[in-house]
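**Student:** Dropping the structure in here first, questions after.
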Amino acid sequence: MYNLIVLASRPSDWSHEQFIEWWRGEHAEVTYPIPGLLRWQHTELLESMDEKSAGWDGLSILSFESREALDAALASPQWQAAVRHVGAMRGRRMIWFGDERTMVPLTETAA
């Protein structure tokens, strides 16, 4: 699995709740059609461990079969539509790409 990871914070004139509602609602509708998207996990960040970690609202992990599948998604019109949709939002973000490795598998009791 190859992931695109996005850490984001809201625009200064938005509430945390407004940002999460936008991300999981309006923006999600634009994101779902991205070709090759196998899984999308979103975490609403509610607390930070320390001051250095403060100021972020959410984390998304978009998963693809391979780096090539991610590259194809990034070149697609659906990706461009999602980028245009975010363009008006004005929040901060950090983005990484990487190969996923499961270190502790999900068990039935943990699910």
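The values are calculated or read from the model by the stated rules, or taken from the named source; none is laboratory data. Here the structure is a predicted model, which is why all the values come from computation and not from measurement. Note: accessible area is taken over every heavy atom of the protein model, side chains too, but ligands, DNA and RNA are not part of it. Shrake-Rupley method; radii C 1.70, N 1.55, O 1.52, S 1.80 Å.
**Student:** On the protein heavy atoms, probe 1.4 angstrom, tell me the percent of accessible surface of the chain carried by carbon and sulfur.
**Tutor:** The computed percentage sits at 54.
**Student:** On to the next question. Around Gly58, which amide H atoms from residues at least 5 apart in sequence, or from another chain, sit under 5 Å from its own amide H, with H modelled in the peptide plane?
**Tutor:** Residues meeting the amide H criterion: Ala8, Leu45.
**Student:** Which entry in [x] 0.98; [y] 1.07; [z] 1.40 is this structure's computed Rg/Rh (Cα atoms, Kirkwood Rh)?
**Tutor:** After the calculation, the listed value that fits is [x].
**Student:** So, taking all protein chains as they sit and a 1.4 Å probe, how much accessible area belongs to Thr31, in Å² rounded to tens?
**Tutor:** 10 Å²
**Student:** With every protein chain left in place, what is the accessible area of His42 in Å² (1.4 Å probe, nearest 10)?
**Tutor:** About 40 Å², ignoring ligands and nucleic acids.
**Student:** Largest first, how would Met103, Met89 line up by accessible area (1.4 Å probe)?
**Tutor:** My answer, sorted largest first, is Met103, Met89.
**Student:** What does the accessible area per residue of segment 1-98 come to in Å², with a 1.4 Å probe and no ligands, DNA or RNA counted?
**Tutor:** I get 62 Å² per residue for this part.
**Student:** For segment 76-89, in order, what is each residue's ³J(HN,Hα) by Karplus, 6.51 cos²θ - 1.76 cosθ + 1.60 with θ = phi - 60°, in whole Hz (x at glycine and Pro)?
**Tutor:** Each residue's phi maps through the Karplus curve to give 7, x, 5, 5, 4, 5, 5, 5, 4, 5, 6, x, 7, 7 Hz.
**Student:** Okay, next question. Among Glu51, Glu21, Glu68, which one shows the biggest mean-square fluctuation in a GNM of the chain, springs joining Cα atoms closer than 10 Å?
**Tutor:** Most flexible of the set in this elastic network: Glu51.
**Student:** Leaving ligands, DNA and RNA out of it, rank Arg101, Arg90, Arg24, Arg10 by accessible area with a 1.4 Å probe, largest first.
**Tutor:** Of Arg101, Arg90, Arg24, Arg10, the descending order of accessible area is Arg101, Arg90, Arg24, Arg10.
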